[in-house]
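Encoded as structure tokens, the structure appears first; notes follow it.
The values are calculated or read from the model by the stated rules, or taken from the named source; none is laboratory data. In this text, all values refer to a predicted model and were calculated from it rather than measured experimentally. Every residue, glycine as well, gets a Cβ built from its backbone with ideal geometry; the counts of neighbours run over all protein chains shown.
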């Protein structure tokens with residue numbers, strides 16, 4: 001399958017010597033600058049890695065496994081921080097959820113890794129993310145809806161397209177789309193509760209019709225998630 005590139009102005013493009021991609025390369029003013037920035041960033045990162053090698057004896061601990069430090073002047077023990085990522089959620093759990101939706105054997109591990117990484121990064125249960133992926137796109141990274149939502153987590157272009165373009169996010173790339181989608185979901189959840197945030201991810205509005213659609217959407221996600229909502233409370 002030819003690689004897909006997303007441009008907020010030109011939409012989805014097949015990379016290669018084709019008319020649309022060549023016109024995009026010549027016509028979009030940001031194309032050269034972004035490529036240059038990427039080259040410079042790669043060079044700087046390589047120099048940094050060479051200058052400051054990571055000792056092989058150090059193993060990075062996950063946020064959930066690092067105990068909170070207690071100030072020397074305090075006699076009380078710090079309370080543990082509750083997060084939505086649980087040790088029992090493993091790659092195998094997410095693989096089991098998605099295996100009936102992703103036929104490509106090479107793509108499935110990639111989708112699982114993206115969900116697990118973004119869940120850990122934003123402290124959202126990966127099972128919740130996987131449930132939304134299934135409801136939104138059936139785990140299809142190239143899905144495009146009539147409502148102008150794209151990618152595996154169906155990012156709504158009229159709402160988030162400019163942000164994606166500004167941050168050079170390729171919405172047809174699995175890792176970019178999942179990371180951006182989970183970041184959006186995290187913002188909605190922080191404004192209220194988990195299921196309220198899930199409803200707002202769909203686009204819950206003030207109208208009765210919008211609220212009913214959001215409620216139906218939440219119920220679909222809950223059925224796939226299959227766990228008591230209290231288990232993912234922030």
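Within region 77-96, the set of residues being closer than 15 Å to residue 124 by Cβ, modelled with pLDDT of 85 or more and touching a helix residue (DSSP H, G or I) at 6+ places or on another chain (Cβ under 6 Å) comprises just one member, 94. Taking the criterion of being in contact with a strand residue (DSSP E or B) (Cβ under 9 Å, 6 or more places away or on another chain) and in a loop (DSSP other than H, G, I, E, B), the residues of region 100-144 that qualify are 141, 142, 143. Scanning region 99-106 for residues that are assigned by TED's automatic domain parsing to the domain that holds residue 173, free of Cβ contacts under 8 Å to residues at least 40 places away in the same chain and surrounded by 14 or more Cβ atoms within 10 Å (Cβ to Cβ) turns up at least one hit.
Report whether or not residue 95 is surrounded by fewer than 19 Cβ atoms within 10 Å (Cβ to Cβ), out of contact with any strand residue (DSSP E or B) (no Cβ under 6 Å at 6 or more places or on another chain) and not in a loop (DSSP other than H, G, I, E, B). So residue 95 fits the description; yes.
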